[in-house]
């Protein structure tokens, strides 16, 4: 996935909710202006969990949103070996495990850029380029 940019879960949530209208609009602007975006299956899992907890959307509505992302963007997956690499990354960079799993998944898929609000944690990984849309 040469020059691909992974979309972090927080960006998906801002795109689909309008609790923070400014971030919602900035996210829409980002999606309109960038190409080569991709998602991890982990992002879709986290997104679903957050939407169930934080919104009143029906499961059908949430599933439709998820399906739309699946239809539009390439999805990258992790495996057993990715989990082992995430353990190493977590220890080496003192990074939360699930952030480490995302970084390991990105590494395995040759993705070096992430669009996220979580600059503080991801900046611990020296090879990762962080794009903050806000």
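Go ahead and run the numbers for FRET between residue 70 and residue 120, Cβ-Cβ distance against an R0 of 41 Å, rounding to 0.05. The computed FRET efficiency comes out at 0.90. Averaged over residues, the count of other Cβ atoms within 10 Å places the peptides 94-103, 66-75, 23-32 in the sequence 94-103, 23-32, 66-75, highest first.
Per-residue ellipticity at 222 nm from helix content only, as computed over the chain with -39500 (n - 2.57) for each DSSP H run of at least four residues, stands at -18000 deg cm²/dmol.
Which log10 I(q)/I(0) values, to two decimals, does the chain give at q = 0.09, 0.10, 0.11, 0.22 Å⁻¹ under the Debye formula with one point per Cα? Summing over Cα pairs of the chain leads to -0.25, -0.31, -0.38, -1.44. Counting only alpha carbon atoms, the long axis of helix 59-72 and the longest principal axis of the chain meet at about 60°. Relative to the longest principal axis of the Cα atoms of the chain, helix 21-33 runs at roughly 70 degrees. Projecting label points 7 angstrom from Cα along Cα→Cβ for residue 59 and residue 20 puts them 3.0 nm apart.
Quick check: the angle from helix 97-108's long axis to the longest principal axis of the chain, C-alpha only, nearest 10 degrees? Taking Cα atoms only, the helix is inclined about 80 degrees. What percent does the relative contact order of segment 5-131 come to when contacts are Cα pairs within less than 8 Å and at least six residues apart? In percent, rounded to a whole number, it is 28.
Computed from the coordinates by the stated procedures, all read-outs in this text should not be read as laboratory data. If you're wondering where the values come from, they're calculated on a predicted model, not measured in any experiment. Reconstructed Cβ throughout: ideal geometry from the backbone, glycine too, with neighbour counts over all protein chains shown.
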